[in-house]
Structure formats: C-alpha cells, structure tokens
Amino acid sequence: MPFCVNCSKEINSEWKICPICGKPNPLSQSNTESTPSDSGTTIIDGGKGNYGLELSNLPKGFEIEGRYRIEAKLGRGGFGTVYKVWDNNVESWKALKVIDNIFYDDEKMLSKLRKETLLLMKMNTEYIVRIWGIHLSKDIKYIDMEYLEGRTLSDVMMLYPNHKIPERMVCELTIQICKGMIEIHKNNIVHKSLNLQNVLLTQECNIKI
C-alpha cells in the first residue's frame, strides 16, 4: 500500500501529491511506472500529469498552493470543475474553478480565457458573480471567484409542482437576469452558455449569473 513520504499517510496509488499535507511526493516525480522508496513503499505515477490527480474530482481536504482547501464539488462547466474552497489567506469561502488539464497545452484557449476573465473582473454588479483573479502559471490552473449560498434555477424548478416556477417570480427573476446581461454586453462579452445551471438564486432571492 503506498504512503506519502512526507506525512506517512496512506494515499491513492495514482496521486503524486498528498491530499493530507498537500506536498508533492519526491518519489513520484519521474515518468517511470513506479518508484520504490528506501522503506519499500511504492508510489505509482498514473501518467495523468499535474501531480497525477483527476482535477475534476479533487478530494476534500486537498490544498492548492497551500492556500485553497477543497471542501466540496459544486458543479462542472465548459472547461473545468467548480469547487467550494476555504481561502487560508483571507479566511473566507471561495468558489474555485479548476481548469481541466486537457486545455493546458492550448495556449490560444488559455489566452482567450485570461482576456475574458480580466474583463469580467472589472464588472462589479449585484447580478453577476464576482471574479477575484485568474491563475494560469502554476501546475494547477484556476479562477478565483465569489462563493454564494443558494440554488441554481434548475434546482429551484424542482421545488415546485410540475417544475413550474410561479409566474410572478419568473417575471422578477427575468428582470434581474436582463440587468446582469446588460452589464455583460456593455463590456462586449457574449455569454455562450446562459442556462438554468449557470444562474444562481441566492438565499436573499437575488439572481447571480
């Protein structure tokens, strides 16, 4: 059974970084199939890159750069997975969108993503989720975003008979969505995936795109 050489905790055989202590295991950095340690422990490299982890399924407690501690998976997007994380630096909850590593060699896509994210960072409106930063220079690439308690409109629909939200509520929510989209369009951004999964209704019954 493989163990982390830093904290001696049991780890998945395909990981090259420990989700307990968050440190890369020096025995797993080669491209060989397996590397034995002096104690007989074997760390296997699954060939996945980026520490051998499935970035779409990071374990609870895993830390990114020693700063963001994974709490739970929130959902999937077009190019990555969104997690609820605890930011040790500012001591608050964040939403972290971890970009799938299949895009890491696509310089054109990463450049476009960075440009669009920087535009979104300039928007400060109550109808759009705030974005605090984009980090593309490390082994794990991610977007640092505002975390909000609430439900997606898809989840909200499931709460009502026949999955139909009351008309009055639909009108109120639609107005808020339109106001958010106006701000997005003012910045020459086209939202290509405006759907029920990408619209959040907060606990205060406010829309966040």
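The values are calculated or read from the model by the stated rules, or taken from the named source; none is laboratory data. These numbers come from a predicted model, not from an experiment. Heads up: the accessible areas ignore ligands, DNA and RNA and are worked out on the full protein's heavy atoms, side chains in. Shrake-Rupley method; radii C 1.70, N 1.55, O 1.52, S 1.80 Å.
Taking all protein chains together and rolling a 1.4 Å probe, Val90 ends up with roughly 80 Å² accessible. Counting only heavy atoms of the protein chains and using a 1.4 Å probe, Met109 has close to 40 Å² of accessible surface. The residues of region 59-209 have, on average, 60 Å² of accessible surface per residue, using a 1.4 Å probe with all protein chains present.
For region 59-199, with all protein chains present and a 1.4 Å probe, just round the carbon and sulfur fraction of the accessible area to a whole percent. Roughly 51 percent, rounded to a whole number. For Lys73, the solvent-accessible surface with a 1.4 Å probe is about 100 Å², rounded to the nearest 10.
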